[in-house]
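Since the structure comes first, as structure tokens, the remarks are kept for the end.
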Amino acid sequence: MRVQGFREGTPEHRESSDPEIGRVHSGRLRHLCYPCLGSFSGIRDPAITDEERGRTVLEHFRDKLTAWIEPSDQDSCEICQGIFLSLDKLAGVVKKDLGEYEFSTILVGSREPSQASELEKEISMIIGSDFDPLKKRFNRKFGKLLEEQMGKAVDFLDPDIIVTVDLRYFSFSYTVKSLYVGGTYTKDSRNIPQTRWIHAPVNDADASVESVIGNPLCEMAKGENFYLHGSGREDVDVRMLGNGREFILEVSGPRIRSLDLSEATRKINNNRFGVQVANLRFSSKPDVARIKKAEYDKSYRAVVRASGAVNSERLLSAAQNLSGKDIYQRTPLRVSTRRSDIVRVRNIRNIRIEQVSGETFTMVTRAQSGTYIKELITGDSGRTVPSLSQEYGEPLEVLALDVIWIHRDGD
């Protein structure tokens, strides 16, 4: 968020400390301009001016208003304080300040001074009429002005930039919507993690999947920072192969949105860390929730070592006993300090033994999303039951593990 001052607060533009503020029937004359009086008219006909609406209100409620309401010019109005007289100037400042950003949609919001809000409510109670609040009138008029002067469409649901004006001091801030780029990645490395330890720029020694993808995209978008949202994660020593893992890279505060994703793919894939991306596309915040909630079966290849020469018959029997069965996994010891200690039930779809050689063997496992494969093999000191070690009858050690396929819809 960026904050820009526009006009220095002056005594008449600051919230009053007068104890009579809001006590409209105290006897003190209140100064209101005709456009603000018109906000109580209920008239929505665009052919009728704001001033005409105000005169209609004053005439219609003469008995209730003339004793304590004195029509004034907008500069002296206790509700609007003349802000509508400076809209063009404010629009110029906003336009200049946002000139470095590429965007197509905008939305205006505002914070109304409590003094004005309380006065509006009390007048409404006195005359028994609904009203069009100052902040709503301001948002409507200023939003239309920015739309015309900047050539940007007003979007009430998902704008690229939200401009918020503090009507008390006539300062403004703006919030820039993040840029989201989705795709899939593979990682042919056993020594880089998925995400950074801290959300800050890193050097090669601190490389991660997040930084390898995020640094080029953030540079191209001229953003402030970036965050990787993955559909699950793999350990630092586990390779991510096959059809790749879904991800969305979020770039915060982007100044450029129209990225060349083919060029982005080339820049990202030109790295020495074994990370490759494919199918880059522009995405959105709702897609982040979608991929994080996605639960796909995964297939893994593991190289495992036994305590002696592998007994193929017992191994095949152990693999068969686990195939199609549910296992119970208590949170592994290796992650217990950062995850809740619970027991998860996961189904092992199939275990296939590919190769046996001396004390080692290679196995391929398809399992339900969220299965801890290392612990399925080792048993994790009894925290996963049943396990391959338990079924085999001897301790087993995982030497290498790869994710070889994620069974997304249609895969």
Discussion item. Using only alpha-carbon positions, what ratio does the radius of gyration of the chain give when scaled by 2.2 N^0.38 Å?
Written reply: 1.49
Response to the item:
Of the candidates Asn270, Gly214, Gly242, the farthest towards the positive dipole end of the range 179-293 (Lys/Arg Cβ +1, Asp/Glu Cβ -1, centred on the Cα centre) is Gly242
Worksheet item: If R0 is 51 Å, what FRET efficiency do you get for Tyr328 and Arg257 from their C-beta distance, rounded to 0.05?
Response: 0.60
Worksheet, complete the sentence: GluC sites (Glu not before Pro) in the range 279-361 lying in a DSSP loop, each with at most 10 other Cβ atoms within 10 Å of its Cβ, come to Glu295
Worksheet item: Taking a 30 Å limit on the Cα-Cα distance, which of the listed pairs Lys187/Lys292; Lys135/Lys222; Lys222/Lys292; Lys292/Lys325 fall beyond it?
Response: Lys135/Lys222
Fill in: Low-density loop positions, GluC sites (Glu not before Pro), the range 130-239 - DSSP coil, at most 14 other Cβ in 10 Å
Glu224
Worksheet, complete the sentence: On the formula 1/(1 + (r/R0)^6), with r taken between the Cβ atoms of Ile198 and Ser312 and R0 of 60 Å, the FRET efficiency rounded to 0.05 is 0.80
Practice prompt. Quote the relative contact order of the range 297-407 in percent (integer), defining contacts as alpha-carbon pairs under 8 Å separated by 6+ residues.
Written response: 42 percent
Worksheet item: When the C-alpha atoms of the range 297-407 are aligned to their principal axes, what extent does each axis show, in angstrom, from largest down?
Response: 39, 30, 23
Worksheet entry | Anchor Lys136: lysines whose Cα lies under 30 Å away (excluding residues fewer than 8 positions away in-chain) | Lys64, Lys89, Lys95, Lys96, Lys121, Lys144, Lys152, Lys177, Lys285
Worksheet item: Taking Cα pairs under 8 Å and at least six residues apart, what relative contact order does the range 179-293 come out at, in percent?
Response: 42 percent
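Each reported figure results from applying straightforward, stated rules to the coordinates on display, with no laboratory input. Computed from a prediction, not measured in an experiment: that's the story for all the values here. Please note: Cβ atoms are built from the backbone with ideal geometry, for glycine as well, and neighbour counts cover all protein chains shown.
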